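The values are calculated or read from the model by the stated rules, or taken from the named source; none is laboratory data. Keep in mind the model is a prediction, meaning the values are calculated, not measured. Note that each Cβ is placed from the backbone with ideal geometry, even for glycine, and that neighbours are counted across all protein chains shown. Quick note on the areas: whole protein, heavy atoms, side chains included, nothing else; ligands and nucleic acids left out. Shrake-Rupley method; radii C 1.70, N 1.55, O 1.52, S 1.80 Å.
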Amino acid sequence: MTYWDARSSLDRLPQGRTEEQLDRLWADARLLLVDEAGQLAADGDRPRWVPASGQRRPDDVLLGSAGGAVYFARLVPELDGQRMGMRECPPEWLHLVANASALMNWHRTQPRCDYCGAVTMVDEGGLRRLCPECGSLAFARQDPAIIVAVLDEADRLLLGRQVTWAPGRCSVLAGFVEAGESAEQACHREIYEEAQLRLNGVRYVSSQPWPYPRSLMLGFVAWAESGDPVVDGIEMAEASYLSRQELTSAVDEGRLKLPGGASIARQLINSWLRGDLPSR
């Protein structure tokens, strides 16, 4: 259903990360530049890379091998020229770009040890961070979030607009999984909080990393009990059910704008339009 169902196009080379091995990989590697917003330098519709040169920096991160080439990433304060993230990325580059954005964001924002507070150092080419004071190891985190294609009794799809979005922009509803609850429970809670709808069935569909800043999006389809959605005007500005014909017409006429093609939100919407979401 999505670009994430099959084996990754990126080999993360977990066994090739001693300092000697990293230096050998660096000699023939490509270097990607990533800014503090998780955007990569780009040329047209692909990331822009430069041949790795000079001495490898301690905080240069080995991403892995893709398409026969080895890639490292380097954090820079800002980028000159064109840039891209997952939203603008073509499918063949998604796995590499997602990994670069997520890893560099983690290294930038989590420099201290969770146990003793000391400044940690990049270890094993960026696969983890090592605390020089207490010896603890830290690995990149992903925060689970749910995103739900909610259907009513007439097989219409629930779409909503957050208050911070421009008029016409819409998507399926989503939210973070809270402590002590399952992903399915988060679906029930979030849909009620955002649209005052009760669900009578939830099924998992697929997942996708979304490094803004470090989410793992868990996609579901759910079926709502009868009733109209009600929004609070604080988080959600509007929400309504649409038939396939209503949504297609609204998009064609420019009245609604759907999420970008790289997002699991768009994949859920497209699957519903095709009629191939899982059934109860």
Rounded to a whole number, what % of the accessible area of the range 76-188 do carbon and sulfur atoms account for, probe 1.4 Å?
49 percent
Normalised convex hull volume, the range 65-160, alpha-carbon set, Å³ per residue
186 Å³
Subtracting the Cα-Cα distance of residue 18 and residue 80 from 0.36 nm times their residue separation yields 19.1 nm
Heavy-atom accessible area of residue 210 with all protein chains present, probe 1.4 Å, nearest 10 Å²?
40 Å²
Set the Förster radius R0 to 51 Å, insert the Cβ-Cβ distance between residue 226 and residue 69 as r into 1/(1 + (r/R0)^6), and round the FRET efficiency to 0.05.
0.40
Inter-label distance, nm, simple model (7 Å from Cα along the C-beta direction), residue 165/residue 246:
1.6 nm
Using alpha-carbon pairs under 8 Å, 6+ residues apart, how would you state the relative contact order of the chain in percent?
17 percent
Any chance you could give the angle, 0 to 90 degrees and rounded to 10, that helix 94-109 forms with the longest Cα principal axis of the chain?
70 degrees
Modelled label-to-label distance, residue 237 and residue 128, 7 Å Cα→beta-carbon offset: nm?
4.6 nm
Theoretical gain in end-to-end length, residue 182 to residue 109 [0.36 nm per residue, Cα-Cα removed]:
23.6 nm
To the nearest 10 degrees, the tilt of helix 264-274 (Cα long axis) against the first principal axis of the alpha carbons of the chain is 40 degrees
Principal-axis tilt of helix 183-195 within the chain, Cα atoms, nearest 10 degrees
60 degrees
Using just the helices of the chain, give the 222 nm mean residue ellipticity in deg cm²/dmol: DSSP H runs with n ≥ 4 each add -39,500 (n - 2.57), and the total is spread over all residues, rounded to 500.
-6000 deg cm²/dmol
Please list the three semi-axes, largest first and in whole Å, of the ellipsoid equivalent to the range 210-280, using sqrt of 5 times the eigenvalues of its alpha carbon gyration tensor.
20, 18, 17
How many Å² of accessible area per residue for the chain, probe 1.4 Å?
51 Å²
Carbon/sulfur accessible area of the range 1-63, % of total, 1.4 Å probe, equals 47 percent
Cleavage-rule hits (GluC sites (Glu not before Pro)) in the range 106-171: DSSP loop, at most 16 neighbouring Cβ within 10 angstrom
133, 153
So for the range 107-216, considering every pair of alpha-carbon atoms, how many percent are separated by more than 24 Å?
44 percent
Evaluate the Debye formula for the range 56-98 with equal point scatterers sitting on the alpha carbons, no solvent, and hand back log10 of I(q)/I(0) at q = 0.18 Å⁻¹, in q order, two decimals.
-0.66
Working note, the range 1-116: Cα radius of gyration (Å, one decimal) and Dmax (Å, whole number) are 14.2, 44
